1. Just the residues that are outside any helix (DSSP H, G or I), within 17 Å of the chain's Cα centre (by Cα) and over 17 Å from Thr211 (Cβ atoms), please, taken from region 156-172.
2. With the requirement that a residue be among the hydroxyl-bearing types (Ser, Thr, Tyr) and either within 18 Å of the chain's Cα centre (by Cα) or open to solvent by 50 Å² or more (accessible area, probe 1.4 Å) (or both), what does region 26-57 give you?
3. Could you tell me how many of the residues in region 204-242 are in contact with a strand residue (DSSP E or B) (Cβ under 8 Å, 6 or more places away or on another chain) and of a type in the set (Ser, Thr, Tyr)?
4. Could you please let me know if Ser232 is surrounded by fewer than 19 Cβ atoms within 10 Å (Cβ to Cβ), modelled with pLDDT of 95 or more, hydroxyl-bearing (Ser, Thr, Tyr) and not in a helix (DSSP H, G or I)?
5. Could you please let me know if Ala68 is of a type in the set (A, V, I, L, M, F, W, C), surrounded by 14 or more Cβ atoms within 10 Å (Cβ to Cβ) and over 20 Å from the mean Cα position of the chain (by Cα)?
6. Report every pair of residues separated by at least 6 positions or lying on different chains whose Cβ atoms are under 6 Å apart, first residue within region 130-143 and over 12 Å from Arg157 (Cα atoms) and modelled with pLDDT of 95 or more, second among the β-branched types (Val, Ile, Thr) and in a helix (DSSP H, G or I).
7. Being part of a loop (DSSP other than H, G, I, E, B) and under 15 Å from the mean Cα position of the chain (by Cα): is that true of Glu136 here?
8. Enumerate the pairs (first residue in region 144-158 and acidic (Asp, Glu); second residue anywhere and open to solvent by 30 Å² or more (accessible area, probe 1.4 Å)) with beta-carbon separation below 8 Å, excluding pairs fewer than 6 apart on the same chain, so at least 6 apart or on different chains.
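The values are calculated or read from the model by the stated rules, or taken from the named source; none is laboratory data. These numbers were taken from a predicted model, which means no experiment stands behind them. Because the Cβ atoms are built from the backbone with ideal geometry, glycine has one as well, and the counts that use them run over all protein chains shown. Heads up: the accessible areas ignore ligands, DNA and RNA and are worked out on the full protein's heavy atoms, side chains in. Shrake-Rupley method; radii C 1.70, N 1.55, O 1.52, S 1.80 Å.
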Amino acid sequence: IIDFELTLKQEIPFKTSGGHIAMHTGSDYRSLMLKGINLGSSPPGYFPGEIAYAISPKEYENWISAMADAGFNSLRIYTLHPPVFYEKLANYNQRHPDNPLLLFQGIWLDEVEDYSDPGSYDLLNRTTIFTNDIMEVIDCINGNGDIEYRYGKSYGRYLTDVSRWTAGYIIGREISPQEVDTTDTRHTSVNSFNGTYLSISNAKASEVFCTQMLEQTIKYEASNYSVRRPVSISSWPTRVPLTHATEIYSEEDKASYDL
């Protein structure tokens, strides 16, 4: 006997509602009070690049239970984790349908590879690679990923669909001032973008890049899985267009973009 459950896929399982994220309950949306926690890619004693095997299945299982027991209802990961993480998350959520642990899935933007090459700091040069990474992660979240062995990143067969518990995607990472400055300086004519879901005008090239990548995230999942969900992009305080009077590293305030 094979037991299984058929569920109707909701086109917009999560959405923004005022200052909250709201979850579809089957008939309406319920605003959530998020109590979140970050989950890194490696435990003590391992480098982040050892993500493919650093955390054991049992550790994932114990951590997920401990997060829920501590009162958290959501977790954020910065990059794609091994398939076993999504299996353990789905297993926990299926056993606790009334109090699932929601996922904010990160999609990592690769670091600068050659610090001596000015072109490596140009965000627009990474559009194709980042687009491929976005599509790869979305496939995996929807249980449709198959990644061969690769060094320094997760890989394997992603057969567990966790999309029903994925509250949003947070793409990118802490972009450096050098990357923003280089991108804006090299592409002064790139100041607008009009997509299917997102658009921007009177912008800088770095802001256009962010908008394009967020558009790609929404569009790919909508086109291939008939689902849309909230998206955001990662940043850090010194990238915002504010003056930080106590910032001791002047290079940190060299460039900014307005999210």
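1. Matches in region 156-172: Tyr158, Asp161, Val162, Thr166, Ala167.
2. Scanning region 26-57 gives Ser27, Tyr29, Ser31, Ser41, Ser42, Tyr46, Tyr53.
3. Looking only at that region, the number is 5.
4. Numbers: surrounded by fewer than 19 Cβ atoms within 10 Å (Cβ to Cβ): yes; modelled with pLDDT of 95 or more: yes; hydroxyl-bearing (Ser, Thr, Tyr): yes; not in a helix (DSSP H, G or I): yes.
Yes; evaluated as a whole, the condition is true for this residue.
5. Numbers: of a type in the set (A, V, I, L, M, F, W, C): yes; surrounded by 14 or more Cβ atoms within 10 Å (Cβ to Cβ): yes; over 20 Å from the mean Cα position of the chain (by Cα): yes.
Against the criterion (of a type in the set (A, V, I, L, M, F, W, C), surrounded by 14 or more Cβ atoms within 10 Å (Cβ to Cβ) and over 20 Å from the mean Cα position of the chain (by Cα)), Ala68 qualifies.
6. From residues that are over 12 Å from Arg157 (Cα atoms) and modelled with pLDDT of 95 or more, the pairs are Ile134/Thr217.
7. Against the criterion (part of a loop (DSSP other than H, G, I, E, B) and under 15 Å from the mean Cα position of the chain (by Cα)), Glu136 does not qualify.
8. From region 144-158, the pairs are Asp146/Arg157; Glu148/Tyr155.
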